[in-house]
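None of the figures in this text is laboratory data; all of them are computed from the coordinates on show. Because the structure is a prediction, the values reported are computed rather than measured. Glycine also receives a Cβ, built like all others from the backbone with ideal geometry; neighbour counts cover every protein chain displayed.
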Amino acid sequence: MQTYEELLSQVIEMVQPLAPQGRSVREVTDLVSDLEFDSLKVMSLVERVEDRFDISIPLNILPDVRTVRDFTVQLQKLLGKV
Amino acid sequence: MAIFDKFQQLAATRQALSESGIQAISVVMDQVVSATEAVVNGQRVILAGTNNYLGLTFHPDCIEAACQAVRTQGTGTTGSRAANGSYSIHVQLERELADFLGRRGVIVFSTGYVANLGMLSTLAGPGDVFVIDGDSHASIYDGCRLSGAEIIRFRHNDPADLDKRLHRLGDRIANTLIVVEGIYSMLGDRAPLADIAAVKRRHPGAMLVVDEAHSLGVLGEHGRGMAEEAGVEADVDFVIGTFSKSLGAIGGYCGSDHPELDLMRFANRPYVFTASPSPSIIASTRTALAVLRSRPELRDRLWGNARTLYGHLRDLGYTLGPEPSPIIAVRFAERDKAFAAWTALIERGVYVNLVLPPASPDGGSLLRCSVSAGHTPEQIEHIARAFGELPKPIAGLSAA
């Protein structure tokens, strides 16, 4: 079981390539207001994370996700269930 | 954030699009001349963006049936079937559809959207799981959301990805519904339904729902859709469809062999709380269904037109959807070029659908043409010629 910090650094690593050029991704970064993610970018991130961790991420968690931290918290919960 | 702030981006997009003088996202047809022609902004156009696959909207028998129903049964039912009762023609249409689809039972809905919303939200609930194709129609997403079930998306038309996700569910498979479409409305590509059905069989307990909105009357020896075409109707637990495309009216249906289907009328809130279809709609739909069944040559004509137009557009160098289909998606990497092309096509007498992100599947923009059995060979040539005449910078032939 990975720690929150270990998961966070992996999530940041997966979000960074989807961010606009020159914008750095941090724990408090807001996916929509800071990185201009639209639904297609969010789905692209979801697929990357699903492949990396061999899980399915239910769409139902997405309304609770605004920041990289929110996403990491949800991911940790899902990995805890596997 | 104030209530209306969230619409600001939409307002800016609409403003940018409306500067050409024609409202691309709120087109008004001043006059509808026939199944394939209308007048827009004083300009006569060939309709190539209507989903009118069999061209039945002006069929004289359908019009006569609708007129007759209005005269004898009135203009509307003024309430839902649960509250006000059914008209006999609602029940007759359900019997005729069940006979056509080879299903034990059918429920008729007031729109195709309500059919998906009602069936999906009723079939599943909290604790259940939907595994849906990523390119599913909004009505599928909305129905799944309304159910309170868990929603998992698999990669578009990828049975191996579906298989992987079903495998991950373990014991929850008995509470799982797979949802796919026959033909996808954006790119016109078909579901690999034989492979998807095989995946379903490898996971006993899972159920399969197929939305045949764009494939009813289009695919299969008898026009029943993709499941008939792929020879897997027995694997499909619930087949959903619409009257607003091949049948030229409005409404929806769900057919199934599960006896529980009839019970769902009472638990199905979108069905219980929507006024039932008006008599004229049911009458023209019944007649259109009879035409669909008795005139398979309409499907041949539709496919002939689809292949001809797809071939012309491909030869012109456009980037298209993956296979010839009555939905032909012309792909553009840039929104502005798609919009300029859409406007130029109107000026050349051709109306198609402009599809912008995020409605389009991969972030690009589309000009979506839908072909009809009602198009004459001359109209198909006219549409192709109009695309051929688009100025090179607009056409962006290397796009997408």
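Summary table below
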quantity: Beta bridge orientation in chain B: antiparallel %, DSSP, nearest 5; calculated: 60 percent
quantity: Counting DSSP beta bridges with both ends in the protein assembly as shown, the antiparallel % (nearest 5); calculated: 60 percent
quantity: Simple Cβ-charge dipole of the protein assembly as shown, Lys/Arg +1 and Asp/Glu -1, about Cα centre, in debye nearest 20; calculated: 540 debye
quantity: Structure-based [θ]222 nm, chain B - -39500 (n - 2.57) summed over DSSP H runs of at least 4, per residue, nearest 500; calculated: -12000 deg cm²/dmol
quantity: Ranked B:His90, B:His137, B:His214, criterion: other C-beta atoms within 10 Å, fewest first; calculated: B:His90, B:His137, B:His214
quantity: Charged-residue dipole, Cβ positions (Lys, Arg, Asp, Glu), chain B about Cα centre, Debye nearest 20; calculated: 380 debye
quantity: Only Lys, Arg (+1) and Asp, Glu (-1) charged, at Cβ; chain A dipole about Cα centre in debye; calculated: 80 debye
quantity: Isotropic mean projected area of the C-alpha convex hull, chain B (nm²); calculated: 20.4 nm²
quantity: Lysine pairs in the protein assembly as shown with Cα atoms under 20 Å, if 8 or more residues apart or on separate chains; calculated: 4
quantity: Positive-end residue of B:Ala206, B:Leu261, B:His156, charge dipole of region B:74-294 with Cβ unit charges; calculated: B:Leu261
quantity: Pair B:Asp158, A:Asp38: separation of 7 Å Cα→Cβ label points (nm); calculated: 2.1 nm
quantity: Chymotrypsin sites (Phe, Trp or Tyr not before Pro) restricted to region B:264-318 and DSSP loop, no more than 16 other C-beta within 10 Å; calculated: B:Phe273
quantity: Residue with peak Gaussian network fluctuation, chain B [Cα springs, cutoff 10 Å], from B:Ser370, B:Ser34, B:Ser244; calculated: B:Ser34
quantity: Debye log10 I(q)/I(0) at q = 0.16, 0.17 Å⁻¹ for region B:1-157, Cα point scatterers; calculated: -1.29, -1.29
quantity: Using alpha-carbon coordinates, inclination of helix A:4-15 to the longest axis of chain A, degrees; calculated: 50 degrees
quantity: Coordinate range along principal axes, alpha carbons of chain A, Å, largest first; calculated: 34, 24, 21
quantity: Cα point-scatterer Debye curve for region B:74-294, base-10 log of I(q)/I(0) at q = 0.08, 0.09, 0.12, 0.14 Å⁻¹; calculated: -0.26, -0.32, -0.58, -0.80
quantity: Cα-based Rg of the protein assembly as shown normalised by 2.2 N^0.38 Å, two decimals; calculated: 1.02
quantity: Expected 222 nm ellipticity per residue - DSSP helices of 4 or more, -39500 (n - 2.57), all of chain A, to 500; calculated: -16000 deg cm²/dmol
quantity: For region B:295-390, alpha-carbon Rg over 2.2 N^0.38 Å; calculated: 1.05
quantity: C-alpha long axis of helix A:68-81 to longest principal axis of chain A, angle in °; calculated: 20 degrees
quantity: Sorted by Cβ density within 10 Å, fewest first, the residues B:Phe7, B:Phe238; calculated: B:Phe7, B:Phe238
quantity: A:Tyr4, B:Tyr87, B:Tyr253 arranged by Cβ crowding within 10 Å, fewest neighbours leading; calculated: A:Tyr4, B:Tyr87, B:Tyr253
quantity: Calculated FRET value between B:Ile173 and B:Phe273, using beta carbons and R₀ = 35 Å, to 0.05; calculated: 0.60
